[in-house]
Amino acid sequence: MTLADVCVALIIAGLTAYAVLGGADFGAGFWDLTAGGAERGARVRGMVERSMSPVWEANHVWLIFVLVIFWTAFPTAFASVASTLYIPLGLAALGIIFRGTAFALRGQAATINEGRTLGATFALSSVITPFCLGAAVGGIASGRVPVGNARGDPFSSWLNPTSITIGALAVLSGAYLAAVYMAADARRAGLPDLERAFRARALGAGVVTGALAIGALFVVRDDARPLYDGLTSGTGLAFVIASAVCGAATLALVWSERFGLARVSSAGAVTCITVGWAAAQRPYLLPGHLTLNQAAASDGVLRALLISMGVGFVILVPSLWLLYRLTLQGRLDKEYEPIDQRYGS
């Protein structure tokens, strides 16, 4: 395995972590958006805030991790992606900013109208951001990012069948993860009505996400044939099958109310999607244009990058492990409160 292989493996690992952990945060915003009116949706929104509060900021570290490795280890590819896909990436960056600001301030709102405005900003950004990130991935995977500064079309590179389908899949898979996670959180909090509500959401989102994933193969077959060929043969096919098995297992586990195991299997389904994508387009970093070895920086740069990442891991990994462990144990849980009960008139 070359140094470039190690670097791209770290990128895929970071993307997977962001899809599983950050994706669930975005999915919580989806359920916030679809919870209903201020009174009817108050209990669901209260659960969203309770579940997200301990981890939502920490989960974005994985996106930063991916970006640092990408621009350092593969600068030509990074420049090509950033200059062609600047619209969806810019929208995603704005979405992350507005979303985080609105989520942090909603709890401090003085009136219900302020709370509604901030809540709408948080919820809409939670849908727009993963869609734009998924659309950008679709642009890369379908070979619409050529090598060079702004060489690709700024609109058709991400407004195309593959990108739109992957963007929608990113939104729905996050909603599916969030529903599974919050069903478990509701059980731990002793809130049976919310446990039932999120169980139903998890089952519905799982079925819809699975159907879209199957439909996506037909879209990709017509729009990005090399990607389709990679996903339906060899290692790519193995991960597609594994994702389907994990998805089916999750539905069975949620149906039987075994939410702890469902957390693991739902994360496994999303993991197989991200790893399968990487396997399907190997050896290309920019499919049809730039291979991994062509894109890699010098060995000296890669070696220095990996050493610095190793030093960072000594601090980062134990810290995140402790945070997630304490969260799953319920030791960081805040008291549950329907969100409309905190506002003044």
*Which one of G300, L323, A238 is farthest out on the positive end of the charge dipole of the stretch 230-345, using unit charges on Cβ (Lys, Arg +1; Asp, Glu -1) and the Cα centre as origin?*
G300
*Enter the Cα centre distance for the pair the stretch 253-293 and the stretch 76-128, rounded to the nearest angstrom.*
25
_Table column - 3J(HN,Hα) (Hz), the stretch 261-273, Karplus curve with 6.51, -1.76, 1.60, x for Gly and Pro_ = 5, 5, 4, 5, 5, 5, 5, x, 4, 5, 4, 5, 5
*Only Lys, Arg, Asp and Glu count, each charged at its Cβ (+1, +1, -1, -1), so figure out the dipole size of the chain about its Cα centre, rounded to 20 debye.*
300
*Treating the angle as unsigned and between 0 and 90°, give the value, to the nearest 10°, between the Cα long axis of helix 112-141 and the longest Cα principal axis of the chain.*
20
*Output ³J(HN,Hα) for the stretch 78-84: one whole-Hz value per residue in order, computed from phi by the Karplus curve 6.51 cos²θ - 1.76 cosθ + 1.60 with θ = phi - 60°, and x for Gly and Pro.*
4, 4, 5, 5, 5, 7, 8
*Taking the highest mean first, how do the peptides 161-172, 116-127 order by number of other beta carbon atoms within 10 angstrom per residue?*
161-172, 116-127
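Go through 232-242, 40-50 and give me the packing order, highest mean Cβ count within 10 Å leading.
40-50, 232-242
With runs of 4+ DSSP H residues as the only contributors, calculate the mean residue ellipticity of the chain at 222 nm using -39,500 (n - 2.57) per run, divided by the residue total and rounded to the nearest 500.
-25500 deg cm²/dmol
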*From the phi of every residue in the stretch 12-26, what ³J(HN,Hα) in whole Hz does the Karplus formula 6.51 cos²θ - 1.76 cosθ + 1.60 yield, where θ is phi - 60° and glycine or proline is x?*
5, 4, x, 4, 5, 4, 5, 5, 7, 8, x, x, 5, 5, 4
_Tell me the label only: which of (i) 162, 43, 31; (ii) 59, 39, 36; (iii) 56, 45, 38 is Cα extents along the principal axes in Å as calculated from this structure?_
(ii)
*If amide H atoms are built 1.01 Å from N in the plane of the peptide, which residues on other chains or at least 5 residues away come under 5 Å of the amide H of L285?*
L290, T291, L292
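Arranged from highest to lowest average of other beta-carbon atoms within 10 Å per residue, in what order do the peptides 279-291, 206-218, 12-24 appear?
12-24, 279-291, 206-218
Values in this text are rule-based calculations from the coordinates and carry no lab data. As the structure is a prediction and not an experimental result, all values here were calculated from the model. No Cβ is skipped: glycine too gets one built from the backbone with ideal geometry, and neighbour counts run over all protein chains shown.
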